[in-house]
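Report on one structure; see the data block that follows.
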Amino acid sequence: MTRFSDSVDLLSKETVLSLKQKILLVGAGGIGCEVLKNLVLSGFENIEIIDLDTIDLSNLNRQFLFQKQHIKQPKAIVARESALKFNPKVNIKAHHNSIFEPQFDLDWFKGFQLVLNALDNIAARRHVNQMCLAADIPLIESGTAGYLGQVTIHKRGEFSCYDCTPKPVEKKTYPVCTIRSTPSEPIHTIVWAKSYLFANLFGKSEDDDIHEDDDREEIERLKEEQKDLKKLRDAVGTPELPQLVFDKIFTKDIKRLLSMEEMWKQRQKPTALEYKDILEASKSTVLEDEKSLTFDQHTWSLEQSFLVFQSSLLKLGDQFVERIQRDPEDFMSFDKDDEDALNFVTSASNIRAHVFSIGLQSRFQVKQMAGNIIPAIATTNAIVAGMIVMLAIKVLGNHMDKCQCTFLSYGGGRAHLLQSDPPSKPNPQCSVCTNAYYTLDASNTFMLQDILDKVVKELDLEGEITIQSGSKLLYDVEFEDNLKKLLKDLMDGQTITITNDHDDDPEQNHSVVITVRFGKKYHLSGSKPLPVRPKMIAEPEQKKLKITEIDDDIL
């Protein structure tokens, strides 16, 4: 009697044998840990897992393959080691890397019979979706948000792809005047620290627009603001940076706001701070160890925030200088998992909160708000992971006709916790899965001109041709500068997209995504007929407001 004899009785011998096929799990976080555990306990024998992240203290309440001694270690590597303790006979290969890296190309994806997504961001989901479409392998997608969860199945030509359904992107927006002048809630000071202060010091420098129709006083104020910000930017990497930033944002700017008496008739006035006073008051202040739980979850005092503000600014300044020495055009973006960036945003937002008599927040709370983290429920992850593996067994056992998409909804007026629906058919208006997917083998001397002479001709594309690689335009009828250049030097990534615009017949308009493999003899492979490219529907123009945004994660 073998370990999985009961599975044979339950599922059939053929289905259990199908679990020997090679599968890819993308993500080793909350859902990924549960899925990997389920896979090794269900009889799956050949698994690869990939995740770029390292283990954080906040992961330990739900990502049970990790323990305290694993903090700062790669999630994928530790998940593999922990899962093998459940079943040492399983072949698990782990990659601590980004799924966007070039080595994880089309040929690599074609080595799997099924891909399971356990991701937490839209960009990676869309990338994996496109790779699965190009490789023509099924994809099981999943997501959770609090007590909500979903598991869906996608297969080229059979079911809808991930992008067939528009994702409802709800953006929380805040007026600039509230963020910069009249904050009243903790989120206002956090957005200010993250999207205004951090961005102006270390991000891509974007000066405020100055229009001729602005009044003279406003023009002078904006010019002075730009001058002050340039001084701060120039001081990045110097020991004087903390005091210069403090004097500008917590003294000079606050005094300027106080001079606008009308603004404070119905509001509580802010309090301008002096650097030397806070410096003196903080001399006897003690900070917890940065690796301790109290440092992350206890709310810092004003003096503690001041000390963290100083140290994190200096560390970020050194990082920024190193980066621009390598590339003068480089810049930094806020990352909630970057300790120095999170320390800076937490301390700066807390000092500003004190100025405006707003409640201070712990580092843990700031990370949740600045990173738009929806609280994760371990039970939701476990339920979703179970549904993923049940669906995977059906897919590998060639029971695609029995596959269902399942949605988890807790509470409300629904009679059942889980609701299953048949997979949707491909959306004929989807701009992703209506692409034709081809593979091109080409020599290292293959030029862009050869695409027109050979590939376009072989595909029977007529009309005006456009060639892109990522968001980079390589060729159209008004841009022929690259025709005599090597294709490998022009490409941004591993694919090019060829579209044609037929003057007389829209049914002859196509979009072809081609994965290029260099160093080979010319060969173009794919399937015909080419699908018709959907007609573009013009969206109504939206009135653009100058706002600060926080992006929400989406299932």
Hey, can you tell me all the residues within the stretch 459-482 that are surrounded by 15 or more Cβ atoms within 10 Å (Cβ to Cβ), free of Cβ contacts under 8 Å to residues at least 40 places away in the same chain and touching a helix residue (DSSP H, G or I) at 6+ places or on another chain (Cβ under 9 Å)?
I465, I467, S469, L474, Y475, N482
Filter the stretch 22-41 down to the residues that are in a strand (DSSP E or B) and of a type outside the set (V, I, T), then identify the one that is surrounded by the most Cβ atoms within 10 Å (Cβ to Cβ).
L25
Pick from Q310, Q266: which is part of a loop (DSSP other than H, G, I, E, B) and over 28 Å from Q69 (Cα atoms)?
Q266
What pairs come out if I take residues in the stretch 45-67 that are on the phi > 0 side of the Ramachandran plot and pair them with residues that are in a loop (DSSP other than H, G, I, E, B) and surrounded by fewer than 20 Cβ atoms within 10 Å (Cβ to Cβ) whose C-beta lies under 6 Å away, six or more apart or interchain?
none
Please specify each residue of the stretch 316-348 satisfying the condition of being within 15 Å of D296 (Cα to Cα) and of a type in the set (S, T, Y).
T346, S347
Kindly establish whether L232 is among the aliphatic types (A, V, I, L, M) and in a helix (DSSP H, G or I).
yes
Checking R126 against (1) surrounded by fewer than 19 Cβ atoms within 10 Å (Cβ to Cβ); (2) in contact with a Ser or Thr (Cβ under 9 Å, 6 or more places away or on another chain); (3) in contact (Cβ under 8 Å) with a residue 24 or more places away in the chain, which test does it fail?
(2)
Pair list, Cβ < 6 Å and 6+ apart or interchain, from the stretch 413-441 residues that are within 14 Å of T152 (Cβ to Cβ) to residues that are at pLDDT 90 or above and open to solvent by 30 Å² or more (accessible area, probe 1.4 Å):
Q419/F407; S420/Q404; C433/P426
If A134 passes every condition in (1) assigned to a loop (DSSP other than H, G, I, E, B); (2) open to solvent by less than 40 Å² (accessible area, probe 1.4 Å) but one, which one does it miss?
(1)
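To keep it simple, each residue is scored yes or no on (1) at pLDDT 95 or above; (2) farther than 16 Å from L119 by Cα.
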site	(1), (2)
L10	no, yes
K37	yes, yes
E48	yes, no
Q67	no, yes
Specify which of the listed residues (N444, N500, N482) is among the polar types (S, T, N, Q) and either over 30 Å from Q103 (Cβ atoms) or touching a Pro at 6+ places or on another chain (Cβ under 8 Å) (or both).
N500
Unique residue being within 24 Å of the chain's Cα centre (by Cα) and closer than 28 Å to L257 by Cβ when the list is L316, L279, L360
L316
Please enumerate the residues belonging to the stretch 470-514 that are assigned to a strand (DSSP E or B) and farther than 27 Å from K535 by Cβ.
L486
If we keep only residues of the stretch 69-110 that are charged (D, E, K, R), over 20 Å from T515 (Cβ atoms) and open to solvent by 80 Å² or more (accessible area, probe 1.4 Å), then the residue modelled with the lowest pLDDT is K72
Residues being open to solvent by 60 Å² or more (accessible area, probe 1.4 Å) and in a helix (DSSP H, G or I): count how many of those fall in the stretch 320-332.
4
For the stretch 137-163, which positions are open to solvent by 10 Å² or more (accessible area, probe 1.4 Å) and among the hydrophobic types (A, V, I, L, M, F, W, C)?
I137, A145, L148, F159
Would you mind stating whether D335 is more than 29 Å from E274 (Cα to Cα), open to solvent by 10 Å² or more (accessible area, probe 1.4 Å) and under 22 Å from the mean Cα position of the chain (by Cα)?
yes
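The values are calculated or read from the model by the stated rules, or taken from the named source; none is laboratory data. Nothing here was measured: the structure is a model prediction, and the numbers come from that model. Heads up, the Cβs are rebuilt from the backbone with ideal geometry, glycines too, and the neighbour counts pull from every protein chain shown. Side chains are part of the model used for accessible areas, which takes the heavy atoms of the whole protein and leaves out ligands, DNA and RNA. Shrake-Rupley method; radii C 1.70, N 1.55, O 1.52, S 1.80 Å.
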